[in-house]
Amino acid sequence: MRLKDRVAIVVGAGQSPGEGMGNGRATALTFAREGAKVLCVDHNLKSAQETVEMIGANQGTAMAFKADVTKEAEIKAMVADAHSRWGRIDILHNNVGVSLSGGDAELLEITEEAFDRCVAINLKSCILAAKHVIPIMRAQKSGAIINISSMAVITTYPYVAYKATKAAMVSFTEQLAYQNAAYGIRANVILPGLMNTPMAVDTRARTFKKTRAEVEAERDAKVPLGKKMGTGWDVANAALFLASDEASFITGVTLPVDGGASVRRG
Amino acid sequence: MTRLAGKTALITGASSGIGRAIATRFLAEGATLLLMDITEAVVEGGEPTHKILDVPFFQGDVSNEKDVDEAVRRAALPTGRLDIVVNDAVIRIGKKLTDTSLEEWNRVMAVNLAGVFLMCRAAVRQMLTQEIRHEARGRIVNISSQHGMISSPEDVSYGTSKAGVVYLTRQIAADYGRDSIICNAVAPGKILTGKTGRAVEPRWLDYSHARTPLPRLGRSEDVANAALFLASDEATFITGENLMVDGGWMAG
Ligand SMILES: NC(=O)c1ccc[n+]([C@@H]2O[C@H](COP(=O)([O-])OP(=O)(O)OC[C@H]3O[C@@H](n4cnc5c(N)ncnc54)[C@H](O)[C@@H]3O)[C@@H](O)[C@H]2O)c1
């Protein structure tokens, strides 16, 4: 087991309504399968609990924790819960993110309220989670932080808040890596491309009044590798690698998991 | 330890250093191996790698078209497939622009860049004849370098060749993604392979320590682990990428 006895916090371990496996749930399941104890954090407690039940069914160890990660007090409580429960924190995985479902829109349409909401959910959450976990990791002299950004950072993407916040996550992660390397803490960022997850596919189907199959076909066609979207497991496998000791010399990197979509731009 | 079970892998530059560590790791994960190198002598010393691992060895030069085609043919013989190619073979001249002769430049380009081109071409030709298994027809892992993205200190031909490898990786990924051929690179930072000489001169070690944010320099196993990840079924949606294994050097 590649994460035996590690303690992990997966933020955004539930998932949006829809079919299939989200990135956060797949990651929580993968970490637990490899021996980590996982705090499954979500503002939707029921969905986080579903993840915990799936882990329990495989003899893994996990707890659900309800937090709205746009509130610092709740982030603090989440970190304190994992720490007091299991005595350390080895992995922080920030998976929370919204675009359309947070009210994101093109420049001329976006409202101040929607923009602030997207910034709070996508960017503030990952920065404040790092703020509260870093002192613990520094004291341990070890830790791995994984932030989930998006291929939208590299390629064209129409909605402004998502693109801007996800790009900021990359810069933030690099700085986090640089300033905490001396403590043996690693920080890396994954850029998922076109994935077949409930957030990406079902949300678009609802928003644009299309069938799931139509949205799938449009997205599949844009992926160079085998003309097929990726799945939550692809992101989970990359996160597992970056979280494990196998990546102990890897920090500050940006790893696209996008089927080659960003290799071919435009 | 079965992350490469049932897979056939051809590794160039496998006698020494990082290539040797990759061969050792891949074997431990259940791969069937063919090692290729211009010599069985181990740069850092010791028994030949293929003897220690007890795997077949093909003595050949990656800059020679016939040798490369023959290596791919032999690698695919046992199972009819070549699932993984790792291009690791390299030479270094260690000279600045004004000190580099055309012959030196040409030899570095022949091994470090044309060698990768020849091997990728032979491998992709073979892979295109194979069926898709676990979402991939075949996989290529090229060992690039941070040098080529940042300047290679006083080694103009090496850095230029490595920049070419990163580009070649992207081009192959884009052109053959449709065929489910996965092509990525791993870019080591400063790795202590056990090699002596220029690699561990105090001025270069001081420079590397000063530039590497993590408290230690790299080990060959760090690169082998990254190559394993990209060669395994865990990475079926990653292609065209250049994964840094550099202790944070490029983030700093
Ligand atoms: N060591 C580092 O710090 C570092 C940093 C960045 C990148 N890299 C890359 O990692 C890879 C391995 O580096 P290393 O330090 O282990 O090198 P090394 O010199 O120890 O090993 C290179 C191997 O390539 C073989 N080789 C050379 N010419 C060949 C040819 N024409 N045909 C077949 N084989 C040939 C050599 O015999 C040797 O076994 C290289 O691609 C190198 O550019 C290493």
*How about the stretch A:81-99: which of its residues are open to solvent by 40 Å² or more (accessible area, probe 1.4 Å) and assigned to a helix (DSSP H, G or I)?*
A:His83, A:Ser84, A:Arg85, A:Trp86
*asked:* Of the residues A:Val119, A:Val133, A:Val96, only one is in contact with a strand residue (DSSP E or B) (Cβ under 6 Å, 6 or more places away or on another chain) and closer than 24 Å to A:Phe208 by Cα; which?
replied: A:Val96
*For the stretch A:206-233, what are the residues that are in contact (Cβ under 8 Å) with a residue 40 or more places away in the chain and assigned to a helix (DSSP H, G or I)?*
A:Thr207, A:Arg212, A:Gly232, A:Trp233
_Taking the condition of being at the interface with chain B (Cβ under 9 Å from one of its Cβ atoms) and either among the aromatic types (Phe, Trp, Tyr) or surrounded by fewer than 19 Cβ atoms within 10 Å (Cβ to Cβ) (or both), how many residues in the stretch A:163-215 meet it?_
6
*All but one of (1) crowded, with 24+ Cβ neighbours inside 10 Å; (2) within 27 Å of B:Gly248 (Cα to Cα) hold for A:Trp233, so report the exception by its number.*
(1)
*asked:* Could you list, ordered by first residue, the pairs with Cβ atoms under 8 Å in which the first is in the stretch B:73-96 and charged (D, E, K, R) and open to solvent by 10 Å² or more (accessible area, probe 1.4 Å) and the second is assigned to a loop (DSSP other than H, G, I, E, B) and within 14 Å of the ligand (Cβ to nearest atom), at least 6 apart or interchain?
replied: B:Asp88/B:Gly13; B:Asp88/B:Ala14; B:Arg92/B:Asp155; B:Lys95/B:Asp155; B:Lys96/B:Asp155
*Take the stretch A:103-118 and flag every residue that is in a loop (DSSP other than H, G, I, E, B) and among the acidic types (Asp, Glu).*
A:Asp104, A:Glu106, A:Glu109
*Could you list, in sequence order, the residues of the stretch B:223-249 that are facing another protein chain (nearest Cβ under 7 Å) and either open to solvent by 10 Å² or more (accessible area, probe 1.4 Å) or without any contact (Cβ under 8 Å) to a residue 24 or more places away in the chain (or both)?*
B:Asn225, B:Phe229, B:Glu234, B:Thr236, B:Phe237, B:Glu241, B:Met244
*Can you tell me which residue among A:Gly14, A:Gly20 is open to solvent by 10 Å² or more (accessible area, probe 1.4 Å) and assigned to a loop (DSSP other than H, G, I, E, B)?*
A:Gly20
*Go through (1) of a type outside the set (D, E, K, R); (2) more than 14 Å from the ligand (Cβ to nearest atom); (3) in contact with an Asp or Glu (Cβ under 6 Å, 6 or more places away or on another chain); (4) away from every other protein chain (no Cβ under 14 Å) one by one and return the number of the condition B:Gly194 breaks.*
(2)
*Close pairs from the stretch B:46-70: first of a type in the set (Lys, Arg), partner near the ligand (Cβ under 9 Å from one of its atoms) and modelled with pLDDT of 95 or more, Cβ under 8 Å, at least 6 apart*: B:Lys51/B:Glu40
*Would you kindly identify the helices (runs of 4 or more DSSP H) lying entirely within the stretch B:1-93 that contain at least 2 residues that are more than 9 Å from the ligand (Cβ to nearest atom) and closer than 17 Å to B:Met127 by Cα?*
B:65-76
*Any residue in the stretch B:105-118 that is open to solvent by less than 70 Å² (accessible area, probe 1.4 Å), within 14 Å of the ligand (Cβ to nearest atom) and assigned to a strand (DSSP E or B)?*
no
*May I ask you to verify whether B:Gly138 is away from the ligand (no atom under 16 Å from the Cβ) and within 14 Å of chain A (Cβ to nearest Cβ)?*
yes
*Applying the selection to the stretch A:236-252, what residues are within 8 Å of chain B (Cβ to nearest Cβ) and either in a loop (DSSP other than H, G, I, E, B) or of a type outside the set (Gly, Ala, Ser) (or both)?*
A:Asn237, A:Leu240, A:Phe241, A:Glu246, A:Ser248, A:Phe249, A:Ile250, A:Thr251, A:Gly252
*Inside the stretch A:37-80, can you point out the residues that are over 17 Å from the mean Cα position of the chain (by Cα), part of a loop (DSSP other than H, G, I, E, B) and not basic (Lys, Arg)?*
A:Asn58, A:Gln59, A:Gly60
*Matching residues, the stretch A:216-230, being β-branched (Val, Ile, Thr) and open to solvent by 70 Å² or more (accessible area, probe 1.4 Å)*: none
*Scope the stretch B:210-229; condition more than 12 Å from the ligand (Cβ to nearest atom) and within 12 Å of the chain's Cα centre (by Cα); matching residues*: B:Leu228
*Hey, B:Arg133 away from the ligand (no atom under 12 Å from the Cβ) and open to solvent by 10 Å² or more (accessible area, probe 1.4 Å) or not*: yes
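Conditions tested, residue by residue: (1) among the small types (Gly, Ala, Ser); (2) closer than 28 Å to B:Asn225 by Cβ.
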{"position": "B:Ser15", "(1), (2)": "yes, yes"}
{"position": "B:Arg20", "(1), (2)": "no, yes"}
{"position": "B:Leu34", "(1), (2)": "no, yes"}
{"position": "B:Gly46", "(1), (2)": "yes, yes"}
{"position": "B:Glu65", "(1), (2)": "no, no"}
{"position": "B:Val86", "(1), (2)": "no, yes"}
{"position": "B:Val90", "(1), (2)": "no, yes"}
{"position": "B:Asn106", "(1), (2)": "no, no"}
{"position": "B:Leu118", "(1), (2)": "no, yes"}
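The values are calculated or read from the model by the stated rules, or taken from the named source; none is laboratory data. Not measured: the values here are computed from a predicted model. For neighbour counting, all protein chains shown are included, and Cβ atoms are generated from backbone atoms with ideal geometry for every residue, glycine included. Surface accessibility is based on the protein's heavy atoms, side chains included, excluding ligands, DNA and RNA. Shrake-Rupley method; radii C 1.70, N 1.55, O 1.52, S 1.80 Å.
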